[in-house]
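K.L.:
What follows is a single structure, and I will ask about it in a moment.
The values are calculated or read from the model by the stated rules, or taken from the named source; none is laboratory data. Not measured: the values here are computed from a predicted model. As a convention, Cβ positions derive from the backbone with ideal geometry for all residues, glycine included, and neighbour counts pool all protein chains shown. These accessible areas exclude ligands, DNA and RNA; they are computed on the full protein's heavy atoms, side chains included. Shrake-Rupley method; radii C 1.70, N 1.55, O 1.52, S 1.80 Å.
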Amino acid sequence: MHFLTIDDLTTDDLAAVLEDAAALKRAQADGIPHEALPGRTLAMLFEKPSTRTRVSFEVGATQLGGHAAFLGEDDVQLDRGEPLSDTAAALGLYADAVMARVFSHGDLETLAANAGVPVVNGLTDDAHPCQGLADLLTLREEVGDSGTVAWVGDGNNVAASFAVGAAMLGYDVRVATPDGYGLSEDVLDRASGHASASGGSVSVTSDPGAAADGADVVYTDVWVSMGQEAERDERLAAFEGFQVDADLLGDAAFMHCLPANRGEEVPADVIDGPQSAVWQQAENRLHAQKALLVHLLG
Ligand code: CP
Ligand code: NVA
C-alpha cells in the first residue's frame with residue numbers, strides 16, 4: 001500500500017500505527033533495540049527543503065536496522081528530462097520504499113503508480129500525512145482519546161492532514177481560516193465523513209476566537225508555505241487577525257508543525273512558552289514514521 005494521504009490508512013490501522021509509535025517511543029527512550037527492518041532501504045526524494053522530515057526518516061530507518069538514501073532534486077536526472085515515471089521505476093528496483101516531498105500531489109501519485117514499492121508522502125502542496133501521524137500521537141499524549149482541536153490559519157497541506165486524521169479518531173475539529181484560504185471541498189467532505197463514522201465533528205468558521213474558545217489545542221502553521229513566496233504580501237494581509245497569541249490560546253496547548261515565523265502566525269512568548277507542544281510534535285515525527293515504515297514493510 002501507499003501512504004499518500006492520512007486516510008490511506010483505515011481508522012483501525014491508523015490507531016494501530018499510533019499504538020506502535022508509542023511503543024517504539026518507549027523502546028527508544030529505554031534503549032531497547034528494535035531493528036524490525038534489517039537490510040531494508042528507503043529512497044527519499046526531495047523537491048523542497050526539509051529539516052525534520054529528512055532527518056527523522058533517515059534516523060528512523062537506521063534505528064530500525066535499515067538505511068535511507070537521500071536524493072535532492074539536483075542529485076537525480078529529473079532536471080535533465082528523465083520522466084518522473086522512469087525515476088520511480090528505477091528507485092523501486094533498488095529501494096524497498098520511496099518517500100517523496102514534491103510540489104504537485106499528482107506527481108506523488110505518478111511516483112506511486114510506477115515505483116512498484118510503497119510510496120510515502122513526505123509533503124505535497126495538498127497534504128502532509130507524516131506530520132499528521134506525529135500530530136495525532138501528540139494529541140493522544142496531550143489530550144487523550146477525545147477533545148476539541150482548533151486549527152487557526154491557512155487551510156493548507158498540514159491543516160488538511162490534521163483535520164482528516166483528527167476526525168478519523170473522533171476529535172471535535174474546528175477550523176478557522178480567512179475567506180479564500182479554507183480547506184478544499186474534498187478535504188472537508190472526507191473529514192466530515194470520517195467524523196460521522198467516529199463520533200467526532202468538523203466545523204468551519206472565519207472567526208479565530210470562535211474556533212479557539214474552549215479548545216484543548218490550537219494548531220497553526222506558516223501563512224506562506226513553500227512555493228507560495230510570490231503571494232507573500234497578499235497572504236500577510238489576508239491573515240491579519242489570525243495570529244495565535246496568548247489571548248487566543250487561552251488554556252489550550254499550542255501546536256505548530258515547524259518551521260515557524262515568530263511574529264507572524266505566532267508570537268515568541270507562545271511558541272516558546274509553557275503551553276507549547278511543538279518539540280513534542282517534532283520528536284514524534286521520528287516515532288510515528290518508524291511505526292509507519294514497519295506497518296508498510298514489516
Ligand atoms: N514539519 C516539517 O515537515 O518540517 P521540515 O520541513 O523541516 O521537514
Ligand atoms: N505548510 C508548510 C509546512 C512545512 C512543513 C509548507 O508547505 O511549506
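K.L.:
Identify, from the list Asp189, Asp154, Asp135, Asp126, the residue that is assigned to a helix (DSSP H, G or I) and within 15 Å of ligand 2 (Cβ to nearest atom). Before the answer, list the steps.
P.N.:
Details: Asp189 fails: within 15 Å of ligand 2 (Cβ to nearest atom); Asp154 fails: assigned to a helix (DSSP H, G or I); Asp126 fails: assigned to a helix (DSSP H, G or I).
Only one candidate passes the filter, namely Asp135.
K.L.:
Looking only at segment 11-53, how many residues end up being part of a helix (DSSP H, G or I) and either among the hydrophobic types (A, V, I, L, M, F, W, C) or open to solvent by 20 Å² or more (accessible area, probe 1.4 Å) (or both)?
P.N.:
Adding up the residues that qualify gives 21.
K.L.:
To continue, here is another question. Among the residues that make up segment 270-292, is at least one of them open to solvent by 10 Å² or more (accessible area, probe 1.4 Å), over 20 Å from the mean Cα position of the chain (by Cα), among the charged types (D, E, K, R) and closer than 23 Å to Asp179 by Cα?
P.N.:
no
K.L.:
Working only within segment 205-226, note down all residues that are more than 17 Å from the chain's Cα centre (by Cα) and surrounded by fewer than 18 Cβ atoms within 10 Å (Cβ to Cβ).
P.N.:
Correct list: Thr205, Ser206, Asp207, Gly209, Ala210, Asp213, Gly214.
K.L.:
With the requirement that a residue be of a type in the set (Asp, Glu) and within 16 Å of ligand 1 (Cβ to nearest atom), what does segment 189-242 give you? Even if it seems obvious, please write down each step before you answer.
P.N.:
Taking segment 189-242 and keeping what is of a type in the set (Asp, Glu), we get 189, 207, 213, 216, 221, 229, 231, 233-234, 240.
Answer for segment 189-242, where residues must be of a type in the set (Asp, Glu) and within 16 Å of ligand 1 (Cβ to nearest atom): Asp221, Glu229.
K.L.:
Going through Val98, Val117 one at a time, which residue ends up being more than 18 Å from Gln281 (Cβ to Cβ), away from ligand 1 (no atom under 13 Å from the Cβ), open to solvent by less than 10 Å² (accessible area, probe 1.4 Å) and not in a helix (DSSP H, G or I)?
P.N.:
Matching residue, one of Val98, Val117: Val98.
K.L.:
Give me the residue from segment 128-154 that is of a type in the set (Val, Ile, Thr) and open to solvent by 10 Å² or more (accessible area, probe 1.4 Å) and, out of that set, farthest from Ala167 (Cα to Cα).
P.N.:
Val143
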